[in-house]
Amino acid sequence: MKLELIIGGRTIDAEFSMSDGTALLTFDGRTHEADISEPEPDLFVAIIDGKVHRCTIDKLPSGETEAVINGKRIPVAAYDKKHLSSKPGAGGPGSGKISLIAPMPGKVVKVLLNQGDEVAANQGVIIVEAMKMQNEVQSPRSGKVIEIKVTEGQTVNSGEVMAVVE
Amino acid sequence: MFKKILIANRGEIAVRLIRACHDLGIAAVAVYSDADRKALHVRLADEACHIGESPAAQSYLVGEKIIDAAMKSGAEGIHPGYGFLSEREWFARAVEDSGLNFIGPSSASIELMGDKTNARIAAEKAGAPIVPGTTKALTDEADAKAVAEKIGYPVMMKAAAGGGGKGMRIIRSSDEIGAAFSMAGAEALSAFGDASVYLEKYIERPRHIEIQIAADKFGNVVHLGERECSIQRRHQKVIEECPASFNDAGLRARMGEAAVRITRAANYHSVGTVEFLVDADRNFYFLEMNTRLQVEHPVTEIVTGVDLVREQIRIAAGEKLSFTQEDIHWKGSAIECRIYAEDPANNFLPSPGKITKLRTPSGPGVRDDSGVYEGWEVPIFYDPMISKLVAWGSTRHDAVAKMKRALSEYHVGGIRTTIPFFREVLEDEEFVSGGIDTGYIGRFMERRKAADPPPAEMPQEMPADIDNAGLAAAFVTALSFSRQNGSASSSTESRADQQSSKWKMAGRLTALNSR
């Protein structure tokens, strides 16, 4: 299987296969071998060159995924080379619509701007509170608030779209 | 001894208190809010009483509901834990008035030591050193100069009405007094509507050291030595140690004696903590008294062998202290890390949510005082601390090594925690050297920022020398992905319950900018 892997912010094109507990991963012209077992559900033990790695794949409510290797967290992602169109677009700040997302589950304590308001880059739009801490969600660039999807007092989930800026 | 006690708290401390009750053969009554119906402390209790909606103001902070629950259940005493109502003098009084036993000091002691000015006066009367200065407002520049000369430079100018750093100025010589007086005054006026400022001695690179005391209702007062609590973030302790890393028996004895005198002056019974600042020359100054059990009590328990909660319950029941000062010895070194549901990679943003996986450390010298379990959803309403991990070793070096090992065994899935942050701190040279003070975390964060450039500046291509952890991450990522997408694997089944749509771009979403 041909994959694009993003490991700790680095992108690699790799080919992966697994047979009877032996996994092969080829990238940059080299093939690596690992003995991988799953002694407990979702706990992998990967033995690479005799070294033991206790590994877990942790999916967070925000939608991010991390590999936890001997306690060290590494952000990861994987895409099928055949279906790369499913990869989220790279269009960050700069153009088009931007969704302002709840960074954590919590309660909306204040909506600072109204629909139709102009917003400057890094200006606060909504304040979310959780665990006695308030966090201001800001617009990453200037534009116009075209939609506010939440009201004060409402609870939101992590990753929920709270407002849209164009 | 009591037969039944109500625990007026939640989370890890409620679990700790319930365990102490069970050790003493006492039945424990839990209280819980809507969000905590399935909480660990409810599961471990003998009886449980629902006291209201999730926000603490409608449940854990409503004194009448808690006293009512205690009366209904037939409990003889109420243990407030820490936080919530533990230092509210009115609550202690209400418990006393209802004929129940408040497992803590008397309401009169809480009232006396809860007021900073009164506490300072009481400490001074008891002959304990306080930070030199005056809380009297300065009249003019000349007055400020005269007071500063008397205290000795450097001095700190503070707003009489406020806190939070507003109106605060460090003054190192008399030339700076004039400008500081007018600027600090103006700042205080705009922040608090009151330009009054006062002066106190500025302590350079202070350590925050506290003394644990235990006092019964018969006038016996014993100190159990110090805890080093200098590792603080946003004025909140994150790592505590016993003994302090400077490990000075003479200083411990002097501070201990001062703490005992202050405790006597407050006519205090129960366990409690006297906080001091210690300067680079090992002079110490009284800061305040915490009239309750402290979060960090386990480090003292491990090093002295005294169960502080058990002793606290015994004192409340009218028993004498089970030890004298001569019985208290300090063996080895203990360190505690507070595990918070916060994201250390993202400015310690709260990270409540469901714990999808939990593997806790064990083995020699490891204690995990936890309030959670696998499958528990950490609520958004309360303090983010989910557990306290404590390690003990024969020396500080050994304790640090055990803590590092324990942290590497600790896995909390589904939410982010401060575990990776502690792993970094315990590798940090300045921390390992023990030369720490309250400015440590600030300096550490600067070093960390300098060593770890933001994601945009990181190379996008995998370097030739991918490290072992990275390679293992690549393997399990590929394996996990191929399973969900049903190919490449002949020996493992694909899983229908995991959707490939869950695989989203890792890294920071640009729209997630937050403070």
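Here is a check on your reading of the model: is B:Ile78 part of a helix (DSSP H, G or I), out of contact with any His (no Cβ under 8 Å at 6 or more places or on another chain) and not assigned by TED's automatic domain parsing to the domain that holds B:Met168?
Judged against the criteria, B:Ile78 is not a match.
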Quiz prompt | strands (runs of 3 or more DSSP E) contained in segment B:198-279 and holding at least 3 residues modelled with pLDDT of 95 or more and surrounded by fewer than 21 Cβ atoms within 10 Å (Cβ to Cβ) | solution = none
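Mind checking which residues of segment B:101-121 are in a helix (DSSP H, G or I) and either at pLDDT 90 or above or buried (at least 21 other Cβ atoms within 10 Å of the Cβ) (or both)?
First pass over segment B:101-121, keeping only residues in a helix (DSSP H, G or I): B:107-114, B:116-121.
Scanning segment B:101-121 gives B:Ser107, B:Ala108, B:Ser109, B:Ile110, B:Glu111, B:Leu112, B:Met113, B:Ala119.
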Quiz item: So, in segment B:26-45, of the ones that are in contact (Cβ under 8 Å) with a residue 24 or more places away in the chain and part of a loop (DSSP other than H, G, I, E, B), which residue ends up nearest to the chain's Cα centre (by Cα)?
Solution: B:Ala39
Practice problem: For segment B:319-338, state whether one or more residues are hydrophobic (A, V, I, L, M, F, W, C), modelled with pLDDT under 95 and surrounded by fewer than 17 Cβ atoms within 10 Å (Cβ to Cβ). | Solution: no
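Which of the residues that make up segment A:25-36 are more than 9 Å from chain B (Cβ to nearest Cβ) and within 26 Å of the chain's Cα centre (by Cα)? Walk me through how you get there before you give the answer.
If we filter segment A:25-36 for residues that are more than 9 Å from chain B (Cβ to nearest Cβ), which is where we start, we get A:26, A:29-31, A:33, A:35.
Selection gives A:Thr26 alone.
Taking the conditions exactly as written (closer than 20 Å to B:Val238 by Cβ and out of contact with any Leu (no Cβ under 8 Å at 6 or more places or on another chain)), does B:Ile436 satisfy them or not?
Details: closer than 20 Å to B:Val238 by Cβ: yes; out of contact with any Leu (no Cβ under 8 Å at 6 or more places or on another chain): yes.
So B:Ile436 passes the test.
Which members of segment A:119-139 meet the condition of being in contact (Cβ under 8 Å) with a residue 40 or more places away in the chain and either aliphatic (A, V, I, L, M) or surrounded by fewer than 19 Cβ atoms within 10 Å (Cβ to Cβ) (or both)?
First pass over segment A:119-139, keeping only residues in contact (Cβ under 8 Å) with a residue 40 or more places away in the chain: A:119, A:125, A:139.
The answer is A:Val119, A:Val125.
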Quiz item: Looking only at segment A:126-166, which residues are at pLDDT 90 or above and basic (Lys, Arg)?
Solution: A:Lys144, A:Lys149
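Taking segment B:325-370 on its own, how many of its residues are among the small types (Gly, Ala, Ser), within 13 Å of another protein chain (Cβ to nearest Cβ) and over 21 Å from the mean Cα position of the chain (by Cα)? Reasoning before the result, please.
Our first condition is that a residue be among the small types (Gly, Ala, Ser); within segment B:325-370, this holds for B:332-334, B:341, B:345, B:351, B:353, B:362-363, B:365, B:370.
So of that shortlist, the ones also within 13 Å of another protein chain (Cβ to nearest Cβ) come out as B:341, B:345, B:351, B:353.
Those left that are additionally over 21 Å from the mean Cα position of the chain (by Cα): B:353.
Residues in segment B:325-370 being among the small types (Gly, Ala, Ser), within 13 Å of another protein chain (Cβ to nearest Cβ) and over 21 Å from the mean Cα position of the chain (by Cα): 1 in total.
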Quiz item: How many of the residues in segment B:122-139 are assigned to a helix (DSSP H, G or I) and either surrounded by fewer than 18 Cβ atoms within 10 Å (Cβ to Cβ) or among the acidic types (Asp, Glu) (or both)?
Solution: 2
Practice problem: Might you let me know whether segment B:1-21 holds any residue that is touching a residue at least 12 places away in the same chain (Cβ under 8 Å), part of a strand (DSSP E or B), surrounded by fewer than 19 Cβ atoms within 10 Å (Cβ to Cβ) and not β-branched (Val, Ile, Thr)? | Solution: yes
Exercise. Name the strands (runs of 3 or more DSSP E) wholly inside segment B:339-445 in which the number of residues that are under 22 Å from A:Asp42 (Cα atoms) and touching a residue at least 12 places away in the same chain (Cβ under 8 Å) is 3 or more.
Key: B:357-359, B:411-413
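The values are calculated or read from the model by the stated rules, or taken from the named source; none is laboratory data. Please read all numbers here as calculations on a predicted model, not as lab measurements. Here the Cβ is made from the backbone with ideal geometry for all residues, glycine too, and neighbour counts use every protein chain on show.
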